[in-house]
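K.L.:
Shown below is the structure under consideration.
The values are calculated or read from the model by the stated rules, or taken from the named source; none is laboratory data. All values reported here derive from a predicted model rather than from experimental measurement. We work out accessible area using only protein heavy atoms, side chains counted, and drop any ligands, DNA or RNA first. Shrake-Rupley method; radii C 1.70, N 1.55, O 1.52, S 1.80 Å.
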Amino acid sequence: MLIARRLGSGGIVALIVALTVFALLHLSPGDPATVLAGDQASAADIARIRANLGLDRPLPEQFVTWLGGVLHGDFGASLFSGQPVLALILERMEPTLSLMVFTTLIAVIVAIPAGILAAWRPGSLLERGIGAISIIGFSVPVFVVGYCVAYVFALKLRLLPVQGYAPLEDGFGPWLASIALPSIALSTSYIALIARTTRAAMIEALQQDYIRTARSKGCSDMKILFVHALRNCALPVSTVIGMGIALLIGGAVATESVFAIPGLGRLLIDAILRGDYPLIQGIVLFFSFVYVGINLVLDLAYGLFDPRVRL
């Protein structure tokens with residue numbers, strides 16, 4: 001029953017997202033038929049293109065037709081390249097997926113220990129330093145961090161390439177070098193979010209009775225922190241890690257533009273500049289479905305593994 005309710009709510013959210021994406025693009029200023037026809041086209045030419053694209057039909061009918069195609073894996077075709085939108089998304093998925101996965105690894109490896117150390121000595125210089133770094137990570141835009149790390153590590157130290165992407169098929173070393181700087185830039189705000197959440201959850205956990213019992217039994221600080229307290233902080237921290245995917249999705253657009261990575265974010269920027277409505281719809285909907293799917297998995301994890309929610 002719990003799984004059915006979560007799946008039903010996830011489906012409703014996905015439908016609302018699809019309707020919102022469709023409405024925002026079709027009700028915004030601009031006409032893709034005019035863009036395709038060019039400046040010298042006549043009204044008859046524009047009308048013919050609108051008819052061929054189905055833009056002359058009522059919006060509800062267009063939405064039902066488009067949604068039916070999406071449910072069958074057909075996101076339409078790009079107005080400019082003529083290729084299927086889904087094929088273009090799959091073609092650009094590897095760079096974006098690599099960037100998001102490696103960024104998540106960096107953020108988790110750095111942020112969770114930082115949050116634990118901050119909670120271990122509340123009010124200390126270490127805790128204040130981690131808090132200050134977290135505030136800076138939240139405050140500085142991703143593209144500014146990107147330009148800074150590119151200037152230092154690529155232009156000055158010449159340790160890593162400044163732009164471009166090497167696929168995994170070219171070797172692990174070139175692949176890792178090509179996504180290192182973008183991942184570091186994209187991980188700053190993500191690290192700040194996870195570190196602050198870990199700190200708050202750990203401080204609350206360290207005040208519980210079972211922690212005092214563990215101390216009275218002579219358990220070491222490391223065992224108390226990483227075995228007893230961290231285990232009970234796993235669900236809220238993992239939830240924030242999953243929800244932080246929204247930060248990665250938004251930041252990937254700017255990061256891929258700064259480092260010239262041919263991923264979905266760069267594809268979205270190009271589609272917006274050209275007014276390629278089907279491609280914009282497909283990419284935004286794909287990102288939205290990924291985010292909804294991650295939240296659905298987290299909801300199910302809460303229901304299956306947390307007895308308080310299950311009851």
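K.L.:
For the chain, what does the helix formula give at 222 nm: sum of -39500 (n - 2.57) over DSSP H segments with n ≥ 4, over the residue count, nearest 500 deg cm²/dmol?
P.N.:
That calculation yields -23500 deg cm²/dmol at 222 nm.
K.L.:
Over every pair of different alpha-carbon atoms in segment 1-155, take the mean of 1/r and invert it; report that Kirkwood radius in Å.
P.N.:
21.0
K.L.:
If the elastic network links every pair of Cα atoms under 10 Å, which of MET202, MET222, MET100 fluctuates the most in the Gaussian network model of the chain?
P.N.:
Checking each option, the largest mean-square fluctuation is seen for MET222.
K.L.:
Amide H neighbours of ALA166 under 5 Å, counting only residues 5+ apart in sequence or on other chains, H built in-plane at 1.01 Å?
P.N.:
For ALA166, the qualifying residues are SER178.
K.L.:
A follow-up question, please. Quick one: divide the alpha-carbon radius of gyration of the chain by 2.2 N^0.38 Å and tell me what you get.
P.N.:
Against the compact-globule rule of thumb, the ratio is 1.22.
K.L.:
List, in order, the whole-Hz ³J(HN,Hα) value for each residue of segment 272-278 obtained from phi through the Karplus relation with A = 6.51, B = -1.76, C = 1.60 and θ = phi - 60°; use x for Gly and Pro.
P.N.:
Using θ = phi - 60°, the values come out as 5, 5, 8, x, 7, 4, x Hz.
K.L.:
I would also like to ask the following. For segment 108-184, what Kirkwood radius comes out of the mean inverse Cα-Cα distance, in Å?
P.N.:
By the Kirkwood definition, the hydrodynamic radius is 14.5 Å.
K.L.:
If amide hydrogens are placed 1.01 Å from N in the peptide plane, which non-local residues have theirs closer than 5 Å to the one on ALA77?
P.N.:
Placed amide hydrogens put VAL85 under 5 Å from ALA77.
K.L.:
Given a 1.4 Å probe, how much area per residue of segment 142-204 is accessible, in Å²?
P.N.:
Ligands and nucleic acids excluded, the result is 50 Å² per residue.
K.L.:
Could you please put LEU273, LEU267, LEU230 in sequence from largest to smallest accessible area, using a 1.4 Å probe?
P.N.:
Listed by decreasing accessible area, they come as LEU273, LEU230, LEU267.
K.L.:
Accessible surface of PHE80 in the full protein assembly, 1.4 angstrom probe, to the nearest 10 Å²?
P.N.:
My reading of the accessible area for PHE80 is about 90 Å².
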